[in-house]
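Structure, as structure tokens:
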2 protein chains.
Amino acid sequence: MSAPSAIAPAAAQRPVYARMALLGLGLIGSSMAWAARRGGLVGEIAGHARSAATRERARELGFCDRVCDSPAEAVAGADLVVLCVPVGAIEAVMAEIAPHLAPGATLSDVGSVKAELIAAVRPHLPEGVHFVPGHPLAGTEHSGPDAGFAELFEKRFCILTPGDEVPEDAIARLAALWEGMGSHVERMTPEHHDLVLAVTSHVPHAIAYTMVGVADDLARVSDSEVIRYSAAGFRDFTRIAASDPTMWRDVFLNNREAVLDILGRFSEELMMVRRAIRTGDGDWLHAYFTRTRAIRRGILEAGQDTDAPDFGRLGRPGPKR
Amino acid sequence: MSAPSAIAPAAAQRPVYARMALLGLGLIGSSMAWAARRGGLVGEIAGHARSAATRERARELGFCDRVCDSPAEAVAGADLVVLCVPVGAIEAVMAEIAPHLAPGATLSDVGSVKAELIAAVRPHLPEGVHFVPGHPLAGTEHSGPDAGFAELFEKRFCILTPGDEVPEDAIARLAALWEGMGSHVERMTPEHHDLVLAVTSHVPHAIAYTMVGVADDLARVSDSEVIRYSAAGFRDFTRIAASDPTMWRDVFLNNREAVLDILGRFSEELMMVRRAIRTGDGDWLHAYFTRTRAIRRGILEAGQDTDAPDFGRLGRPGPKR
């Protein structure tokens, strides 16, 4: 296990970059634009989205200084280019922009998987362009240019997975941008990132999708009953399972090994839980359910979730300590 | 599949009951007391809890008119007795109070399982006492007398599963109490209740506990990493998996058949998802993830969850429609 290491961001000079190009203007791209704009972190923001409707909407919303009709135009002269497209689209976009990247520019991305994404980018990477892969651990179940907002990255982690060949000052500069948007920046290897994310994100999403799929499939319990009585627990799974299907298809196709590994462990563990239920082993179940409480406590102590009952849906504060 | 049927509550007379006895003063018992008090729904509230510390705390909080040191004292003269203890404790409490129940009184409970609970209660039920089992689909991950509040049941469903022998007016009266506390009241058979809840609550909890158990178990990803990066999806599972261990042990031991049935279906479905990931079947995954989105939409349209991003944890409203 390689522990993540903190990165010392570059001294706070503003703007951090003269021109940032965002390729993809969905939830993450538009939020980066709002956050960078709020903090005065970049001189100019050029954006591009593949769909004409998204470009049109982005122009109306006004989070970019320029919304360009081609990716080549957006990246021209940019000292930071961030790929904010689904992982499966990365290679095609990369092939298209590579000839237009400025020497000395930093190239980054926001993809939820790293090893396979890096393998797709690297063959197209021009000499003199610094590739610093990134992954902000932030998002909501909403997607598209309307879903973005400046506060999305606040107090969230952003993981950078640069190779050894990247100059430290290029890494520190990108870290300064993310810190300026409110994030805590960490560094780890692409492989460790993919395993950590399989546990904390990819497998939980696979399981939530599966649970919702089962409910949708049962003939003996109607859809309207599932919906009506969902507050008893099920609805928490449906939020996760309402996330963008394209993004998640690409995550599973591109982090296959780690996801299958952790899903295998999950299935094993589920067998043990099923066995304890079947054999009526109350002591085992009670001990198991007590142990899992401690992790929740750790998350609350780390400030990574709210202690308000039901995620604060009830409009009530958490208990007094 | 037997569809649930709505119950017409009795005409709104206040108080609905002259004296309500609550056995068990945890999250649900204390919330019932606050809600009944707020609505002027009962003349007097007598409470009992097994633990002296809970009784003491309940006296300080003041949600009961009287906190009694024995269950017999609490139920004496009550025209409504509600068992708010864990399902596994129901039979012992029932045996203890049975000789003290007033003829014509209504006996109810708030247990998350119904068929086995009814089987445990019935042998002890005195002649002339109307047993109307109930299950409010409401709760939070917090427990104990401090966790209760008057609004817990608002807009939530309460399912009643009385037998055919119970007079309709006794059922309508209990329904009026729950409606007065803000709930929608439904009626179904105990067996159908147990199946519906296995899908919407018990299996989701089993899966959340298992996912948290897996994360806790991995040597290759440290606890601190799981906690640090939990906002990427995992933390949603930990809230559910922080629920009361005793309550959940009893749920699984007492709704074993339906839970194992749905867990079996879940495991089957998970095999299909794993297979699609392993074989790289992107079309299948995309279609699957698109289908599960529709259920989320239904839950939002039914007013059973918030559309604010991330359950409103970010303090932002839902998207404009």
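Which log10 I(q)/I(0) values does region B:193-280 give at q = 0.11, 0.18 Å⁻¹ under the Debye formula, counting every alpha carbon as one identical point scatterer? Debye curve over Cα of region B:193-280, log10 I(q)/I(0) at q = 0.11, 0.18 Å⁻¹: -0.38, -0.92. If each DSSP helix of 4+ residues adds -39,500 (n - 2.57) and the sum is divided by the residues in chain B, what number results at 222 nm, nearest 500 deg cm²/dmol? Value at 222 nm, helices only, nearest 500: -13500 deg cm²/dmol.
For region B:165-321, the Kirkwood radius over C-alpha pairs fed into Stokes-Einstein at 37 °C and 0.692 mPa s yields D = 171 µm² per second. Computed over neighbours whose Cβ is under 12 Å from that of residue B:86, the net charge equals -2, Lys and Arg +1, Asp and Glu -1. Amide H to amide H, with H built 1.01 Å from N, residue B:78 comes under 5 Å of B:102, counting only residues 5 or more places away or on other chains.
Taking the fewest neighbouring Cβ atoms within 10 Å as the starting point, the ordered list for B:250, A:79, A:305 is A:79, A:305, B:250. Treating each Cα of region B:17-79 as an identical point scatterer and ignoring solvent, apply the Debye formula and state log10 I(q)/I(0) at q = 0.18, 0.25, 0.26, 0.29 Å⁻¹. Log-scaled intensity ratios, in q order: -0.52, -1.01, -1.09, -1.32.
Rg over Rh of region B:221-269, using C-alpha atoms and the Kirkwood radius, what does it come to? It would help to have the intermediate numbers written out before the result.
Numbers: Rg = 14.5 Å, Rh = 13.1 Å.
My calculation of the ratio gives 1.11.
Relative to one another, the C-alpha centroids of region B:82-110 and region A:243-264 are positioned 49 Å apart. Charge tally for residue A:74 (other residues, Cβ to Cβ under 14 Å; Lys, Arg +1; Asp, Glu -1): -1.
Membrane-span-like helices in chain A: DSSP H runs reaching 20 Å or more (Cα, own axis), mean Kyte hydropathy at least -1.0? If you can, show how the numbers build up before the last one.
On the way: long enough: A:203-217 (21 Å, 0.68); A:256-279 (34 Å, 0.02); A:282-301 (29 Å, -0.48).
Qualifying helices: A:203-217, A:256-279, A:282-301.
Normalising the Debye intensity of region A:5-188 to I(0), with uniform scatterers on Cα atoms only, and taking log10 at q = 0.12, 0.14 Å⁻¹ returns -0.47, -0.67.
Each label was represented as a point 7 Å from its Cα along the Cα-to-Cβ direction; for residue A:223 and residue A:60 these points are 2.9 nm apart. For the protein assembly as shown, the equivalent ellipsoid built from the Cα gyration tensor has semi-axes of 52, 23, 22 Å, listed from largest to smallest.
Principal axis analysis of the Cα atoms in chain A yields extents of 66, 43, 42 Å, listed in decreasing size.
For chain B, what is the relative contact order in percent, using Cα pairs closer than 8 Å and at least 6 residues apart in sequence? Don't jump to the answer; show the numbers that get you there.
Numbers: 504 pairs, mean separation 55.6, N = 321.
After rounding, I find 17 percent.
As a rough footprinting exposure proxy, the listed residues A:238, A:189, A:54, A:200 were ranked by other beta carbons within 10 Å of their own, and the order from fewest upward is A:189, A:54, A:200, A:238.
Since every read-out is calculated from the coordinates, none of them should be taken as a lab result. What you see is a predicted model; the values in this text were computed from it and never measured. Reconstructed Cβ throughout: ideal geometry from the backbone, glycine too, with neighbour counts over all protein chains shown.
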